[in-house]
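Heads up, the thing below is written out as structure tokens.
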Amino acid sequence: MKKIVLFLLIGFSSFAQIKLPETNFFLENGKVYWQHVYEVQGKNTEDLIKYFQKEVMTSMKQDNFQIIDNTISFTINDDQINYKKYGGTSMGVVMFVRDYYKYLVVIDFKDEKYRVTVKEIFIDNKLYNAGQSSGFLEEYITKKKNTLFSTNNLVTVGMGYNDKYFLEKFLINTTESIKKDW
């Protein structure tokens, strides 16, 4: 009986979603993604999609743009986080935060809300080729075969910079509510 309970616990834990504290980063099935729900008062779904494309997407260099029903998706290449804007210093930030990022963005819209999901986050080490190779974000910030987030302070602080960057990047310039309900 103990073996069955242990097997079930191990099996279900691999499908569990783990959140990186104080950020919008999640770890699920060995993959890291970022997700946040924004609220925009007084905009129906159609207006919100148009407004988002006009106000936010015009400042982004994106590829593979698709819109299907109430969902927009695209890829962003060669994105670099301005960690200094959020309090980081050249010597006090983990190396991967300084590198170039490539990622897939999926945005779901419904009346007065939109949910941004960033996934397949790839770090391209174009700048600092010494000792660090390119790879997916989970290779840099997880441990135990991508089942837990690293507790290293530099990693945690760096992911905080990433979180602030994404929050700002996908925000429509209106008042944002912190509601997480979808």
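In the stretch 145-156 there is no residue that is within 17 Å of ASN77 (Cβ to Cβ), surrounded by 19 or more Cβ atoms within 10 Å (Cβ to Cβ), at pLDDT 90 or above and hydrophobic (A, V, I, L, M, F, W, C). Taking the criterion of being under 13 Å from VAL94 (Cβ atoms) and either at pLDDT below 90 or of a type outside the set (Gly, Ala, Ser) (or both), the residues of the stretch 157-178 that qualify are VAL157, MET159, TYR161, ASN162. For the stretch 51-104, residues that are under 17 Å from the mean Cα position of the chain (by Cα), part of a helix (DSSP H, G or I) and farther than 17 Å from VAL155 by Cβ total 1.
Here VAL93 clears all of (1) loosely packed, with under 14 Cβ neighbours inside 10 Å; (2) under 24 Å from SER150 (Cβ atoms) except the condition numbered (1).
For the stretch 14-50, give me each residue that is in a loop (DSSP other than H, G, I, E, B) and not small (Gly, Ala, Ser).
Start the filter on the stretch 14-50 by keeping residues that are in a loop (DSSP other than H, G, I, E, B), which leaves 14-16, 20-24, 29-30, 40-44.
Once the filter is applied, which keeps residues that are in a loop (DSSP other than H, G, I, E, B) and not small (Gly, Ala, Ser), the stretch 14-50 yields PHE15, LEU20, PRO21, GLU22, THR23, ASN24, ASN29, VAL40, GLN41, LYS43, ASN44.
The values are calculated or read from the model by the stated rules, or taken from the named source; none is laboratory data. These numbers come from a predicted model, not from an experiment. Cβ: placed from backbone, ideal geometry, glycine included. Neighbour counts: every protein chain shown.
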